[in-house]
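Since the structure comes first, as structure tokens, the remarks are kept for the end.
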């Protein structure tokens, strides 16, 4: 009988610890209307694989273009994509030199074509200290370009630029944008 009590006691502790963990996860969720635990369970149930502390190098002819890190990745083999949580992507130039680091709350990586989308509080910090913020940012490995169709803010030492959508290389040296406004050093952009 003692073995049964110990098992029962352990079982109660397991239930208590699970309950405390679920409460802590729910309390940490930013959106009180969303059930984070249910979302994770649903994604885990439908995913073919779950990876924790996922890392992935993206290369072109042996030269690294990006390094992806995520807290977790839900892999869907039939559609060839991974749903990512808490992401960090380090971008490199064509010569393999680091140019910028992107962070976001979540994203999607298409394993078949190398395209990635970051969503939620997306922040890109360039090696020179310039910063770009937006809600959605996409990276196309085949074109080696970054795009968004959302509002963005770009800030550097003497620049503050806002606009609606852009296309750029990962180093942000060649940018095409729409609806731009702000200041670039002593030059005031059109529409100010």
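If you go through the stretch 161-182 one residue at a time, do you hit one that is in contact with a strand residue (DSSP E or B) (Cβ under 6 Å, 6 or more places away or on another chain), surrounded by 16 or more Cβ atoms within 10 Å (Cβ to Cβ) and under 24 Å from residue 54 (Cβ atoms)?
The answer is yes, given that some residue of the stretch 161-182 is in contact with a strand residue (DSSP E or B) (Cβ under 6 Å, 6 or more places away or on another chain), surrounded by 16 or more Cβ atoms within 10 Å (Cβ to Cβ) and under 24 Å from residue 54 (Cβ atoms).
Restricting the search to the stretch 56-115, which residues are touching a residue at least 40 places away in the same chain (Cβ under 8 Å) and touching a helix residue (DSSP H, G or I) at 6+ places or on another chain (Cβ under 7 Å)?
Residue satisfying the conditions is 83 alone.
Of the numbered conditions (1) within 21 Å of residue 64 (Cβ to Cβ); (2) touching a residue at least 12 places away in the same chain (Cβ under 8 Å); (3) over 17 Å from the mean Cα position of the chain (by Cα), residue 143 satisfies every one except a single condition; which is it?
(2)
Would you confirm whether or not the stretch 133-145 contains a residue that is more than 29 Å from residue 55 (Cα to Cα) and at pLDDT below 85?
No: zero hits.
I'd like to know if the stretch 126-144 contains one or more residues that are touching a strand residue (DSSP E or B) at 6+ places or on another chain (Cβ under 9 Å), closer than 18 Å to residue 56 by Cα, exposed (fewer than 15 other Cβ atoms within 10 Å of the Cβ) and in the same structural domain as residue 60 (by TED's automatic domain parsing).
Yes, the stretch 126-144 has at least one match.
Any chance you could count how many residues in the stretch 111-121 are at pLDDT below 90 and in contact with a strand residue (DSSP E or B) (Cβ under 7 Å, 6 or more places away or on another chain)?
Matching residues across the stretch 111-121 total 4.
Across the stretch 91-115, which residue is surrounded by the most Cβ atoms within 10 Å (Cβ to Cβ) among those that are assigned to a strand (DSSP E or B) and more than 11 Å from the chain's Cα centre (by Cα)?
Looking at the filtered set, the residue picked out is 91.
Within the stretch 152-169, does at least one residue satisfy the condition of being in a loop (DSSP other than H, G, I, E, B), at pLDDT below 85, in the same structural domain as residue 99 (by TED's automatic domain parsing) and under 25 Å from residue 65 (Cβ atoms)?
Yes, because at least one residue in the stretch 152-169 is in a loop (DSSP other than H, G, I, E, B), at pLDDT below 85, in the same structural domain as residue 99 (by TED's automatic domain parsing) and under 25 Å from residue 65 (Cβ atoms).
The values are calculated or read from the model by the stated rules, or taken from the named source; none is laboratory data. This is a predicted model, so every value here is computed, not measured. Don't worry about glycine lacking a Cβ; one is built from the backbone with ideal geometry, like all the others, and counts go over all protein chains shown.
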